[in-house]
Amino acid sequence: MQTDKTQQQKQSAASQNSPAESSSQPPRKKESWGGLDIFRYIGPGLLVTVGFIDPGNWASNFAAGSSFGYSLLWVVTLSTIMLIALQHNVAHLGIVTGLCLSESAEKYAPKWIGRPIIMSAILASISTSLAEILGSAIALQMLFGIPIIIGSLMVTVAVVIMLFTNSYRRVERVIITFVSIIGLSFIYELFLVKIDWPAAIVGWTVPSVPQGSLLIIMSVLGAVVMPHNLFLHSEVIQSRAIHLKGEARIKKALKYEFFDTLFSMVIGWAINSAMILLAATTFFNNGTIVEELSQAQALLHPLLGSNAATIFAIALLLAGIASTITSGMAAGSIFSGLFGEAYDSTSKYSMYGILISLVAALVMIYFIGNPFQGLLISQMILSVQLPFTVFLQVSLTSSKRVMGKYANKPWNTVFLYSLAVIVTILNVWLLIESL
């Protein structure tokens, strides 16, 4: 999502070109199919979908399926509905204002509200980076026997170099393609194992909270609806500067963005559901609870045979690297937004944000005794922060001062706030249960 634009450049472009001129003669850009530029042409929703199969998701889904069978599938359904609504809403913010969520909060929200929430979002990005780096390190341990701490350091250094040099552009499409194939292979495997489909349908549609499941529920929710992805999605959208291209382009973008988001989120729902279904069939039915990611390679055995463990570890490594890159970018976007700037890896504020997220995560990994449990807790932390980001986002997108005539309709505002209330209630419930 390298925008290569500062806020000053965007304002300069607005002053030099009228909306009519921009609409009739949009600036020609040389298409680039490396790194996150790919999402400018394929669709920003795909960026969020890649996050559906990051190491945190793998751990949460395997724990849910192996511990509680089909009964927590409803969390994936609820999370996906929430995700479609929230990602669609934050995309509108980027399209209409030309600002990402962090920039909008700095510009329009009261400082005593906006800044603490943005700072908490940076903490959430650290938690995300922790999961991605830790998952990659677990993969390196599975492949080469490298200790978790050493592997985490190697991944962090590699990602920092790729982000600061933009060399990730050369490999990101390959990584995304490979990881997506592995994710889709989970879906394909549903036809190779015996799924109790009536029980699965009940699990998808009927909420239940088995004893001791609340931590995993919050982990699954936090693994799907990730706060940093809301910031990142708005940054990808605003980098297109659609708001400078005239009313017709804005309306067209608002119309077609929903289909991009809906299509991408449904794919994510299918992959997450497949992981839980396979874990339920492979482990829960045999009385085995997944406590390490290395156990989960058994899920791919029907499809890949004796190569399952190696290919699983490679997929986990690439998923971790790809998602660590996007996590670092999100942190850079969030931090630079505090200073009214768009993401740019050559900007000092974006660089500071990247380093804060990745280095802090690396330090925290040093103190983690149980890597698998660390993955689950990191995803739960994302769920705890989520309602703060949602309340901030909805307040901005419901404001006519910010969005003009494109502000949320009253019914949409109520619906979006209701989602934040649901997550808040679950968080309070988790706190009470923990005490």
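The values are calculated or read from the model by the stated rules, or taken from the named source; none is laboratory data. None of the values given here were measured: they were computed from a predicted structure. Quick reminder, even Gly has a Cβ in these numbers, built from the backbone with ideal geometry, and neighbours come from all protein chains shown. The area values use the complete protein model at the heavy-atom level, side chains included, leaving out ligands, DNA and RNA. Shrake-Rupley method; radii C 1.70, N 1.55, O 1.52, S 1.80 Å.
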_Residues to consider are T389, T397; find the one that is in contact (Cβ under 8 Å) with a residue 24 or more places away in the chain and either within 30 Å of F164 (Cα to Cα) or open to solvent by 40 Å² or more (accessible area, probe 1.4 Å) (or both)._
T389
*In segment 295-308, what residues are open to solvent by 40 Å² or more (accessible area, probe 1.4 Å) and either of a type in the set (K, R) or within 27 Å of the chain's Cα centre (by Cα) (or both)?*
Q295, Q297
*asked:* Which of the numbered conditions does G114 fail, given that it passes all the others? Conditions: (1) open to solvent by 10 Å² or more (accessible area, probe 1.4 Å); (2) of a type in the set (G, A, S); (3) modelled with pLDDT of 90 or more.
replied: (1)
*Taking Y343 and the conditions (1) open to solvent by less than 30 Å² (accessible area, probe 1.4 Å); (2) part of a helix (DSSP H, G or I); (3) not aliphatic (A, V, I, L, M), which numbered condition does it fall short on, given that it satisfies the others?*
(2)
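Considering each residue of segment 400-411, count those that are in contact (Cβ under 8 Å) with a residue 60 or more places away in the chain and on the phi < 0 side of the Ramachandran plot, and give that number. Give the steps one after another, and end with the answer.
Let us first name the residues in segment 400-411 that are in contact (Cβ under 8 Å) with a residue 60 or more places away in the chain, namely 401-404, 406, 408.
Filter once more, keeping what is on the phi < 0 side of the Ramachandran plot: 401-403, 406, 408.
The qualifying residues number 5.
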*Output the residues belonging to segment 100-143 that are under 16 Å from the mean Cα position of the chain (by Cα) and not in a helix (DSSP H, G or I).*
C100
*asked:* Anything in segment 314-339 that is open to solvent by 30 Å² or more (accessible area, probe 1.4 Å) and not in a helix (DSSP H, G or I)? List them, or say none.
replied: F339
*Could you tell me whether S120 is open to solvent by less than 10 Å² (accessible area, probe 1.4 Å), of a type in the set (S, T, Y), touching a helix residue (DSSP H, G or I) at 6+ places or on another chain (Cβ under 9 Å) and at negative phi?*
no
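Yes/no per residue for (1) under 24 Å from M162 (Cα atoms); (2) among the acidic types (D, E); (3) touching a Ser or Thr at 6+ places or on another chain (Cβ under 9 Å):
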residue	(1), (2), (3)
G337	yes, no, yes
S345	yes, no, yes
S350	yes, no, yes
I356	yes, no, yes
A360	yes, no, yes
Y366	yes, no, yes
G369	no, no, no
L376	no, no, yes
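Looking at this structure, is G340 among the small types (G, A, S) and farther than 15 Å from N229 by Cα?
yes
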*asked:* Quick check on segment 197-205. Is at least one of its residues loosely packed, with under 15 Cβ neighbours inside 10 Å, hydroxyl-bearing (S, T, Y), farther than 30 Å from I356 by Cα and at pLDDT 85 or above?
replied: yes
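Yes/no per residue for (1) modelled with pLDDT under 95; (2) open to solvent by less than 90 Å² (accessible area, probe 1.4 Å); (3) touching a Phe, Trp or Tyr at 6+ places or on another chain (Cβ under 6 Å); (4) part of a helix (DSSP H, G or I):
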| site | (1), (2), (3), (4) |
| --- | --- |
| M403 | yes, yes, no, yes |
| N408 | yes, yes, no, no |
| N412 | yes, yes, no, yes |
| L416 | yes, yes, no, yes |
| A420 | yes, yes, yes, yes |
| V423 | yes, yes, no, yes |
| L426 | yes, yes, no, yes |
| L431 | yes, no, no, yes |
_Quick check on segment 137-147. Is at least one of its residues touching a Ser or Thr at 6+ places or on another chain (Cβ under 7 Å) and open to solvent by less than 10 Å² (accessible area, probe 1.4 Å)?_
yes
_Residue that is nearest to the chain's Cα centre (by Cα), among those in segment 188-231 that are free of Cβ contacts under 8 Å to residues at least 12 places away in the same chain and farther than 18 Å from E433 by Cα_ = I201
*If we keep just the residues of segment 169-189 that are aliphatic (A, V, I, L, M) and surrounded by fewer than 17 Cβ atoms within 10 Å (Cβ to Cβ), which is modelled with the highest pLDDT?*
I187
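For F367, state whether it is part of a loop (DSSP other than H, G, I, E, B), open to solvent by 70 Å² or more (accessible area, probe 1.4 Å) and in contact (Cβ under 8 Å) with a residue 40 or more places away in the chain.
Values: part of a loop (DSSP other than H, G, I, E, B): yes; open to solvent by 70 Å² or more (accessible area, probe 1.4 Å): yes; in contact (Cβ under 8 Å) with a residue 40 or more places away in the chain: no.
Here the answer is no, as F367 does not meet what is asked.
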